[in-house]
Amino acid sequence: MSVALTARLEQLTPLGKRLPWVTAGLALSVLPHATHIPIWTLLIAAIAAAIRLVIEVKRWPLPPKWIRSAIAFGALIGVLLNFRTLNGIDAGTSLLIVMAGMKLLETHSIRDLTVVVFLSYFALFAAFLYNQNIVLLPYMIVTAWLLTATLMRIHQTEAMSVREAAGTTAKMFLQALPLAVLLFLFFPRLPGQFWAVPPREKALSGLSEEMTPGDVSELSLSSAIAFRVKFEGDPPPARERYWRGPVLHQFDGRTWRRVGTPFSQQEIVSSGATYRYRISIEPQEYNWVFPLDMVTGWNRDRAFRTGDFQLFARQQQIAVLTSFDLESSPTYVTATELHRDLRHFDTALPANRNVRTVALARQMRASAGSDEAFIQSVLTKFASEEFYYTLQPPALDLNAVDDFLFNTKLGFCEHFASAFTVMARAAGIPARVVTGYQGGEYNPMGDYFIVRQSDAHAWSEVWLDGRGWQRIDPTAAIAPQRIERGLDAAIAASEDVPGRALRQNAALSKLRMAWDAANTFWNDQVVQFGTAQQGWLLAKFNIDHPRWEYLGVAMILALLGFFAVLSAYLAWRFRPRSRDPVAHVYEQLCRKLAKLGVPRLPHEGPNDYVARAAEARPELAAQLAEVRSVYVGLRYGPAPLPTQLSRLKFLVNQLQA
């Protein structure tokens, strides 16, 4: 840095010395939005900030008002053209950032700097509308701390050091923390999204409404989390942890698809253990809930189950982390008969496609003698012949099932499920493909299961008279270790399985689980703290059915209590210091002499003042001489006696004003 520039910086005005701090606060507030708003809005704000700093250093005049207005109007039009609206989170945030930059170009007073700081607060906390991850929290706290310290320095008439401003701000934050906790816990929770703002968290790319050979194996290369599950009591064994998703009925010879036809409801009767659990689903493109198969209990106001037993949330999309309390029974029977429309959908096959598979299935069914025997013979075929389970299956031709069964014999779960379902339909057995997830990784630090996209799975369901829909998983026949011990155990060590290295390293695995447990606690106890959690908390205070009136009274009492404690602390903290009795008597003397026409001058000490008063009022000279002697002895003597203070009080009281 040149000497001239250094000297110029030292000569900055008080406003110029505060401007870099305001600009830095704005930059930190805008930074979290860099990934989701147009880059040109960030560039405009950055260029405006840079120009304003150069103007201050060079002591140039601010741009004319018409130039600033033209740039602001152009930015407004740019936002409108980019988003086709000025409403919404993206458009509103972009406009806020651009206008904050424009405001910097006209800052010429403390008031203008204050406005920029408050715009920075809005930009900073708008980041929570996009992302509520725990990683963002420390950044938000530090930036808010910097903005508050900057605001404090702006409004100090005397220079305040950075350390002093930071320390005072930290004390303010700590003092406000109890009030923030009270408001968080007891402020009435309203249903729906905050201010009806649409959620903006990025949805995961997971299962879809169709399945083509290769889709699930590609999805299994992702270690992204699909959902977490916490059970009440003991969890089900690994072989029963099937998480039901889309049910695929329509087949064109290669691809399976969901159908929108509303099938009639079928009654489920559970015949074994029942599990209760909470599932927390990460953002996704659809409104699918992935319950443990088969779901038997759920909140009807929040979700519904279709005729093919898929569970849907009632909102259009699960766009934010969402939890559901569910009940499932892995052992069940279908108590109602199969409707003819559903039978038609689940036995249909496209004509002139996969003809070798159809012929083989019909031959095997004729030899088997029963549907159950046929199913077992198909599973035995998969287990005994040279079929291989792999994450890297080769591409298949138009007749995908024929190519898989008779040529490649290399496949992932969707290959086996598709082939088995086609063979069952060819044998006249109603069958369908179910996609979802299987298994899950247990986190002992949080006592819950993590189900990732790499746990994506596909299996079959067949209808057996007298027993209803039965799950048949061909993968269990070819790679039973996939069901019992997960993907790592089923795939060869030479193939790349996502997260395998982390899971095999004990230290890294513990660290990963600890971090996920912290994130889960944050999501469950803070981000998703809502009516249910608040009701549980209020029940601890014997408020079993909280109403608005109760919550209002609780809030008022809590606030009154908080402010009472705060007021008592402030009264003690800033209580008047005990007064010096000698100084108190001297002040009485000054007041009496002022009434006698001899007021004390600002620069006069006690000796000079009393001497001048004695000259001005000779009749009091003797008394004032003794007053001065006693006062000097009390104030500056080596060991003043208590009797001297009494004597001083007496002499001052004897003076006649």
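Looking for something over 30 Å from Asn131 (Cα atoms) and touching a residue at least 12 places away in the same chain (Cβ under 8 Å) - is there at least one such residue anywhere in the range 17-37? Looking for residues that are over 30 Å from Asn131 (Cα atoms) and touching a residue at least 12 places away in the same chain (Cβ under 8 Å), one finds at least one in the range 17-37, hence yes.
Scanning the range 88-97 turns up at least one residue that is among the β-branched types (Val, Ile, Thr), under 27 Å from Gly16 (Cα atoms), in contact (Cβ under 8 Å) with a residue 60 or more places away in the chain and assigned by TED's automatic domain parsing to the domain that holds Leu42.
Looking across Leu9, Leu76, Leu28, one residue alone is modelled with pLDDT under 85 and either of a type in the set (Val, Ile, Thr) or at negative phi (or both). It is Leu9. Considering only residues that are assigned to a helix (DSSP H, G or I) and free of Cβ contacts under 8 Å to residues at least 40 places away in the same chain, look in the range 376-403 and name the one that is nearest to Asp308 (Cα to Cα). Within the range 376-403, the match that is nearest to Asp308 (Cα to Cα) is Gln376.
Against the conditions (1) free of Cβ contacts under 8 Å to residues at least 60 places away in the same chain; (2) under 19 Å from Trp469 (Cβ atoms), Trp459 satisfies every one except (1).
When the range 202-228 is filtered for residues that are over 17 Å from the mean Cα position of the chain (by Cα), modelled with pLDDT under 65 and either within 26 Å of Thr35 (Cα to Cα) or not small (Gly, Ala, Ser) (or both), the ones remaining, listed by number, are Ser205, Leu219.
Residue-by-condition table, conditions (1) loosely packed, with under 15 Cβ neighbours inside 10 Å; (2) β-branched (Val, Ile, Thr):
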| position | (1), (2) |
| --- | --- |
| Arg573 | yes, no |
| Val585 | no, yes |
| Val598 | no, yes |
| Asn607 | yes, no |
| Val610 | no, yes |
| Tyr631 | no, no |
| Tyr636 | yes, no |
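Among the residues of the range 121-148, the ones that are in contact (Cβ under 8 Å) with a residue 40 or more places away in the chain and more than 20 Å from the chain's Cα centre (by Cα) come to 2 in all. Being aliphatic (A, V, I, L, M), free of Cβ contacts under 8 Å to residues at least 60 places away in the same chain and assigned to a helix (DSSP H, G or I) is true of Ala417. Sub-9 Å Cβ pairs linking a first residue in the range 229-245 that is assigned to a helix (DSSP H, G or I) to a second residue that is of a type in the set (Phe, Trp, Tyr), at least 6 apart or interchain, are Glu240/Tyr275, ordered by first then second residue.
Quick one: which residue in Leu129, Leu86, Leu185 is modelled with pLDDT under 90, under 25 Å from Gln534 (Cβ atoms) and surrounded by fewer than 16 Cβ atoms within 10 Å (Cβ to Cβ)?
On the way: Leu129 fails: surrounded by fewer than 16 Cβ atoms within 10 Å (Cβ to Cβ); Leu86 fails: under 25 Å from Gln534 (Cβ atoms).
Within the list Leu129, Leu86, Leu185, the selection yields Leu185.
Close contacts from the range 74-86, counting a first residue that is among the charged types (D, E, K, R) and a second that is at pLDDT 85 or above and surrounded by 15 or more Cβ atoms within 10 Å (Cβ to Cβ), with Cβ to Cβ under 9 Å and a gap of 6+ residues or different chains, come to Arg84/Ala91.
Every condition in (1) of a type in the set (Val, Ile, Thr); (2) closer than 14 Å to Val247 by Cα; (3) touching a Lys or Arg at 6+ places or on another chain (Cβ under 9 Å) holds for Thr306 except the one numbered (3). Considering only the range 251-261, how many residues are under 39 Å from the mean Cα position of the chain (by Cα), farther than 15 Å from Leu311 by Cβ and outside any strand (DSSP E or B)? Count: 4.
Restricting the search to strands (runs of 3 or more DSSP E) fully inside the range 299-375 and requiring at least 1 residues that are of a type outside the set (A, V, I, L, M, F, W, C), surrounded by 13 or more Cβ atoms within 10 Å (Cβ to Cβ) and within 46 Å of the chain's Cα centre (by Cα) gives 303-305, 322-328, 332-334.
Quick test for you: out of Thr380, Thr421, Thr408, pick the one residue that is closer than 26 Å to His339 by Cβ and among the hydroxyl-bearing types (Ser, Thr, Tyr).
Numbers: Thr380 fails: closer than 26 Å to His339 by Cβ; Thr408 fails: closer than 26 Å to His339 by Cβ.
That would be Thr421, the only listed residue that is closer than 26 Å to His339 by Cβ and among the hydroxyl-bearing types (Ser, Thr, Tyr).
Given the condition out of contact with any Cys (no Cβ under 7 Å at 6 or more places or on another chain), in a helix (DSSP H, G or I) and under 30 Å from Pro61 (Cα atoms), answer yes or no: does some residue in the range 135-143 qualify? For the range 135-143, residues out of contact with any Cys (no Cβ under 7 Å at 6 or more places or on another chain), in a helix (DSSP H, G or I) and under 30 Å from Pro61 (Cα atoms): absent.
The values are calculated or read from the model by the stated rules, or taken from the named source; none is laboratory data. The shown structure was predicted, so the numbers you read here are calculated from the model rather than taken from an experiment. Glycine also receives a Cβ, built like all others from the backbone with ideal geometry; neighbour counts cover every protein chain displayed.
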